[in-house]
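Everything on this sheet refers to the single structure shown next.
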Amino acid sequence: MAAEYSANALQTVAVNAPVIFTESPVPCRRGLIFHRDESGIFRLANNASVNACGCGCGCRTLFETLYNVTFHANIGISEGGTVEPIQLSISIDGEPDPSSTMIVTPAAVGDFQNVGSEIIIAVPSLCGCESISVRNTSTQEIDVQNANLTIDYVGVRRVF
């Protein structure tokens, strides 16, 4: 199962704000990914159960649902901004994942460069779901265009 979300029009993204996705060319039809167009927040559901192990001690077997999240976009410094490194990060429950940070330094305001990142997100069965977004983790507003986010369901794995 794969889902795709995009935003092709130019948008200015404030510091710590999410990239807004306006279209769902390939939405999730299995009830695992929840997104409202014109929003930057996605909810990934866990479709695994929490089971008793059967030993009678009350312990539980925990599972995680895994998703592969891939993001690509063109980014640049907004009009009136300062030429310096700019960056986006995939965030889990509002916290940027450092391994997903995409950093570029455009030569001038209005110059665009392509960025991309890919991470695997594990949604624990005890929590039910996780929210994800792609956030501007720069120190200034940035312009984003041709943003594309794909979310692939990988499967379920036993934690313990």
Given a Förster distance of 41 Å, the FRET efficiency implied by the Cβ-Cβ spacing of D111 and N47, rounded to the nearest 0.05, works out to 0.45
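What is the packing order of peptides 100-110, 132-142, 71-81, taking the mean over residues of other C-beta atoms within 10 Å and listing the highest first? Don't skip to the answer; put the middle values down first.
Values: 100-110: 14.6, 132-142: 21.2, 71-81: 19.1.
The packing order, highest mean first, is 132-142, 71-81, 100-110.
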For Cα extents along the principal axes in Å the list reads (1) 46, 33, 26; (2) 53, 35, 33; (3) 65, 28, 18; the calculated value is entry (3)
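Could you look at the chain and say what percent of its accessible area is carbon and sulfur, using a 1.4 Å probe and all protein chains? Show your work: numbers first, answer last.
On the way: 3830 of 7700 Å².
Its accessible area is 50 percent carbon and sulfur atoms.
Would you please classify the overall shape of the stretch 101-156 from the alpha carbon gyration tensor, given that a ≥ b ≥ c denote the square roots of the eigenvalues, rounded means a/c under 1.5, and beyond that prolate means a/b larger than b/c while oblate covers the rest? Let's see the in-between values first.
Numbers: a/c = 3.32, a/b = 2.42, b/c = 1.37.
Prolate.
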Under the Karplus relation with 6.51, -1.76 and 1.60 and θ = phi - 60°, whole-Hz ³J(HN,Hα) for the stretch 113-129, x at Gly and Pro, equal 10, 8, 10, x, 8, 8, 9, 9, 10, 9, 9, x, 5, 5, 8, x, 7
Probe 1.4 Å, heavy atoms of protein chains only: per residue, the accessible area of the chain in Å² is 48
The summed charge of the V69 Cβ neighbourhood (under 14 Å; Lys/Arg +1, Asp/Glu -1) stands at -4
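The values are calculated or read from the model by the stated rules, or taken from the named source; none is laboratory data. Everything numeric in this text was worked out from a predicted model, so none of it was measured. All Cβ positions, even for glycine, are placed from backbone atoms using ideal geometry, and neighbour counts span all protein chains on display. Remember, those area values only see protein heavy atoms, side chains included, never the ligands or the DNA or RNA. Shrake-Rupley method; radii C 1.70, N 1.55, O 1.52, S 1.80 Å.
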